[in-house]
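Here the structure is laid out as structure tokens; the discussion comes afterwards.
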Amino acid sequence: MTDQTTTEPVDSYGLVLPDPWHEVPLDPAGQRSMLDTAAKALANTEGWSTTHRRRLEVSMAHYNAAMAAMRATYGAAYLDLWPADDDADADADAEPLLVSANCAIGSLSRSDLGVDMALTAPTLLIAASNEHVFAESTDRRIVATSNLAPPEIIELPAGDAVRLRRHQFIRTDLGSARGVFSETFLVPHGPVLPGDEGGDRCCVLAFATSNDALANDFSPLFLRIAQTLKLLRSGDPTVVDNGRLH
């Protein structure tokens, strides 16, 4: 496993995202503007409807709640309207599929998580077994959360990480529930400021899609993006090729 014993503070995170992904503002006004811009662009796509716009708003509401819970410092999203499935039942009213996925980066401390021991991959793995820890949101719209696979420790170029894959049902304002697939990578990295206790923080890199039927398609992409994560310390080069700095 990767050596993460360095005490040099982490000052920034770097991440490489595919070109179709766009930055999501963290403030409500910026998000509303982004939604309006995205909806106007997608409105030119054949099959776009008001229902698609409402689904987009539901997806963003869940995303915003999750970003607040993890104290995100950066967010990005992929939005597109995919053509109707040609294999769909001819008698069914097939419509284009609104496909959305999102990404967020945050940082949580030992005190944020209520963990007494230093944050390492093994201690994070234990904490992740508690369903009340690393909950993506305390919003009452979340009906249920289940692990699609047991939490596991994997090795990323940035260091050892705990990988969580979960499925949630989100209650919408229309009274129905929608499935959300989420994948989270927890990377302990020590202090972020001089004087912080060693192992006291972890990077939280979270992904989600409201197209839960596409979980098997998005999960490999989420992992590939996670493999581009860089923890930048003093002396590291500032430039991240084709990436975002946070």
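The local environment of Ile154, defined by Cβ-Cβ distances under 9 Å, has a net charge of -2 under the rule Lys, Arg +1 and Asp, Glu -1. The largest accessible area among Tyr13, Tyr78 belongs to the first residue in Tyr78, Tyr13, and the rest follow in falling order (1.4 Å probe, all chains). These residues, Trp48, Trp21, Trp82, go from largest to smallest accessible area, 1.4 Å probe, as Trp82, Trp48, Trp21. Spin-label model, Asn44/Ile126: points 7 Å from Cα along the beta carbon direction are separated by 5.6 nm. Taking amide hydrogens as placed 1.01 Å from N in the peptide plane, the amide H of Tyr74 sits under 5 Å from those of Ile105, each at least 5 positions away in sequence or on another chain. Calculated FRET efficiency, Glu23 to Arg54, Cβ-Cβ distance, R0 = 25 Å: about 0.60 to the nearest 0.05.
Here the gap between Leu214 and Glu8, fully extended at 0.36 nm per residue and compared with their Cα-Cα distance, gives a gain of 70.2 nm. Give me log10 I(q)/I(0) at q = 0.09, 0.16, 0.18 Å⁻¹ for region 10-120, Debye formula, one equal scatterer per alpha-carbon, no solvent. Listed by q, the Debye log ratios stand at -0.34, -0.82, -0.95.
The values are calculated or read from the model by the stated rules, or taken from the named source; none is laboratory data. Note that the structure is a prediction, hence the values are computed from the model and not measured. No Cβ is skipped: glycine too gets one built from the backbone with ideal geometry, and neighbour counts run over all protein chains shown. Accessible surface is based on the protein model in full, side chains and every heavy atom, while ligands, DNA and RNA are left aside. Shrake-Rupley method; radii C 1.70, N 1.55, O 1.52, S 1.80 Å.
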